[in-house]
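Okay, structure first, notes after.
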Amino acid sequence: MPIDAVAAVTYRCNSRCIMCNIWQIKDFPEMPAEEYGKLPNSLRDINITGGEPFLRNDLVEIIKVMRRACPNAKFNISTNGFLVDAIKRVLPEIKRIVPDIGISISIDGVGQMHEQVRRVPNAWPKVLETMHFCRDILKIKNIKFAFTLNEMNYSQLKSAYDWSKKLGVQFTMAIVHSSDVYFSKKNELKISGEELERQFSHVINSLLKSLKPKNWVRAYFVDGLYRIARGLRRPLEPFAGEDFFYLDPKGDVYPSVIDNVIMGNINHCRNFQNLWYSHQADQARNAVHGFENNYWMVCTARTGIKRNPLKVANWIFKNKIKLARDTRVVTTNNQ
């Protein structure tokens, strides 16, 4: 049974991002809250996303049902942070249900760049207000800034990462992907050269210098994104439709947010186990097995990393040694 899931509770969105067309989708069906009770109790990580999740008036009830169905799961809400008043009203209720709730707030640059990518006025002040509310008022420990790298903003990766450190929040990132089922847009990343390397190296090396092993694993993940940005193959197989799945707002289950093949619909099954082991689900797994689609995102990489701890540890060991050696050389030359 799967251990990781991304659940989009709505495709309604109040952002107009250049790399995503979800906001153009109109009248997409949305499951009632009680149907989320069919999620399998095997799940250990659930990312609640959209669209913009806080546009659902019954988000508290959805999370309450999910929590009851998946008591051992870690919950994270991905938001653009623009609905400040709604977040201030709803998030305290959610935190009472899930005390260790995680919040990922999208930033695609600092200040004006974020607003250019999101195409929403005053986007940056709203993000900061949401972050301060989560950090200072609700005392949420697991807060992330989530950066999506594209051709417009790649030169701000370093700045966005440094802002996260300055504000004392975690940093996660993705690069633009094409997806018919999720982003509803074809994206191509055509970037190369020293600037791209400089931006990624800053983040990777900073994470490797951290005293937290979790950040070393994040460095491995970011290096995988750098590989894809350069047109190389991802470092690990993601096990789509085996370890994780994507659930759309109307209840269709997909192997991932990229793989456009339906495993079944949660509304049409008695329980999730029947869906997961159905003939349709097996056909979907066979259709996406292997390296046909070259994607690398937190939701797809996490389980691959868990399956290959020695490979990841070997990469961390080699690169920490290399970083220490390079730092020593620079220090010697400066002296």
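The values are calculated or read from the model by the stated rules, or taken from the named source; none is laboratory data. Every value quoted in this text rests on a predicted model; they were computed, and no experiment measured them. Neighbour counts are summed over all protein chains in view; Cβ atoms, including those assigned to glycine, are modelled from backbone coordinates with ideal geometry.
Can you go through P53, P32 and tell me which one is modelled with pLDDT of 95 or more and either aliphatic (A, V, I, L, M) or crowded, with 22+ Cβ neighbours inside 10 Å (or both)? Working first, answer last.
On the way: P32 fails: either aliphatic (A, V, I, L, M) or crowded, with 22+ Cβ neighbours inside 10 Å (or both).
Going through P53, P32 in turn, the sole match is P53.
Report, by residue number, each residue of the range 175-220 that is of a type in the set (F, W, Y) and either more than 30 Å from V261 (Cβ to Cβ) or modelled with pLDDT of 95 or more (or both).
Taking the range 175-220 first, the residues of a type in the set (F, W, Y) are 182-183, 200, 216, 220.
Those that are of a type in the set (F, W, Y) and either more than 30 Å from V261 (Cβ to Cβ) or modelled with pLDDT of 95 or more (or both): F200, W216, Y220.
For the range 20-40, which residues satisfy the criterion of being free of Cβ contacts under 8 Å to residues at least 60 places away in the same chain and more than 20 Å from I77 (Cβ to Cβ)?
Answer for the range 20-40, where residues must be free of Cβ contacts under 8 Å to residues at least 60 places away in the same chain and more than 20 Å from I77 (Cβ to Cβ): K26, D27.
Mind checking whether some residue in the range 234-249 is closer than 22 Å to Y154 by Cβ and either free of Cβ contacts under 8 Å to residues at least 60 places away in the same chain or surrounded by fewer than 22 Cβ atoms within 10 Å (Cβ to Cβ) (or both)?
Narrowing the range 234-249 to residues closer than 22 Å to Y154 by Cβ: 234-235.
Within this subset, residues satisfying the condition of being either free of Cβ contacts under 8 Å to residues at least 60 places away in the same chain or surrounded by fewer than 22 Cβ atoms within 10 Å (Cβ to Cβ) (or both) are 234-235.
Looking for residues that are closer than 22 Å to Y154 by Cβ and either free of Cβ contacts under 8 Å to residues at least 60 places away in the same chain or surrounded by fewer than 22 Cβ atoms within 10 Å (Cβ to Cβ) (or both), one finds at least one in the range 234-249, hence yes.
Find the residue count for the range 110-119, including only residues that are part of a helix (DSSP H, G or I) and either in contact with a strand residue (DSSP E or B) (Cβ under 8 Å, 6 or more places away or on another chain) or surrounded by 14 or more Cβ atoms within 10 Å (Cβ to Cβ) (or both). Steps first, please.
Our first condition is that a residue be part of a helix (DSSP H, G or I); within the range 110-119, this holds for 112-118.
Filter once more, so that each one left must be either in contact with a strand residue (DSSP E or B) (Cβ under 8 Å, 6 or more places away or on another chain) or surrounded by 14 or more Cβ atoms within 10 Å (Cβ to Cβ) (or both): 113-118.
So the answer is 6.
Hey, can you tell me all the residues within the range 84-109 that are part of a loop (DSSP other than H, G, I, E, B) and loosely packed, with under 13 Cβ neighbours inside 10 Å?
P99, D100 - these are the residues of the range 84-109 that are part of a loop (DSSP other than H, G, I, E, B) and loosely packed, with under 13 Cβ neighbours inside 10 Å.
Return the only residue of K250, K320 being part of a loop (DSSP other than H, G, I, E, B), at pLDDT 90 or above and in contact with a Phe, Trp or Tyr (Cβ under 9 Å, 6 or more places away or on another chain). Walk me through it before giving the result.
On the way: K320 fails: part of a loop (DSSP other than H, G, I, E, B).
Of the residues listed, the single one that is part of a loop (DSSP other than H, G, I, E, B), at pLDDT 90 or above and in contact with a Phe, Trp or Tyr (Cβ under 9 Å, 6 or more places away or on another chain) is K250.
Could you check the range 258-295 and list, in sequence order, the residues that are under 23 Å from P32 (Cβ atoms), exposed (fewer than 15 other Cβ atoms within 10 Å of the Cβ) and either in contact (Cβ under 8 Å) with a residue 24 or more places away in the chain or touching a Ser or Thr at 6+ places or on another chain (Cβ under 7 Å) (or both)?
If the condition is that a residue be under 23 Å from P32 (Cβ atoms), exposed (fewer than 15 other Cβ atoms within 10 Å of the Cβ) and either in contact (Cβ under 8 Å) with a residue 24 or more places away in the chain or touching a Ser or Thr at 6+ places or on another chain (Cβ under 7 Å) (or both), then N267, N271, Q273 are the ones that fit.
Looking at the range 1-19, which of its residues are buried (at least 21 other Cβ atoms within 10 Å of the Cβ), of a type in the set (A, V, I, L, M, F, W, C) and part of a loop (DSSP other than H, G, I, E, B)?
Scanning the range 1-19 gives V9, C17, M19.
Check whether at least one residue in the range 106-121 is under 30 Å from Q273 (Cβ atoms) and of a type in the set (K, R), and report yes or no. Reasoning before the result, please.
Within the range 106-121, the subset under 30 Å from Q273 (Cβ atoms) is none.
For the range 106-121, residues under 30 Å from Q273 (Cβ atoms) and of a type in the set (K, R): absent.
Can you tell me which residue among N76, N122, N72 is within 23 Å of Q170 (Cα to Cα), surrounded by fewer than 14 Cβ atoms within 10 Å (Cβ to Cβ) and touching a Ser or Thr at 6+ places or on another chain (Cβ under 9 Å)?
Just one listed residue meets the conditions, N72.
For residues that are out of contact with any Cys (no Cβ under 8 Å at 6 or more places or on another chain) and under 15 Å from R56 (Cα atoms), tally how many sit in the range 16-34.
Looking only at that region, the number is 9.
Just wondering, is there one or more residues in the range 256-267 that are in a helix (DSSP H, G or I) and closer than 25 Å to I62 by Cα? Let's see the steps before the verdict.
Going through the range 256-267, the residues in a helix (DSSP H, G or I) turn out to be 266-267.
Still in the list and also closer than 25 Å to I62 by Cα: 266-267.
Checking the range 256-267: at least one residue is in a helix (DSSP H, G or I) and closer than 25 Å to I62 by Cα.
When residues of the range 125-153 are filtered for being buried (at least 19 other Cβ atoms within 10 Å of the Cβ), over 13 Å from I77 (Cα atoms) and among the charged types (D, E, K, R), how many remain?
Qualifying residue count, the range 125-153: 1.
Can you work out which of the residues in the range 70-88 that are among the aliphatic types (A, V, I, L, M) and over 14 Å from the mean Cα position of the chain (by Cα) is farthest from F133 (Cα to Cα)?
Taking the range 70-88 as the starting set, the residues that turn out to be among the aliphatic types (A, V, I, L, M) are 73, 77, 83-84, 86-87.
Next, only the ones that are over 14 Å from the mean Cα position of the chain (by Cα) stay: 73, 83-84, 86-87.
Details: A73: 24, L83: 12, V84: 9, A86: 12, I87: 9 Å.
Restricting to residues being among the aliphatic types (A, V, I, L, M) and over 14 Å from the mean Cα position of the chain (by Cα), the top hit is A73.
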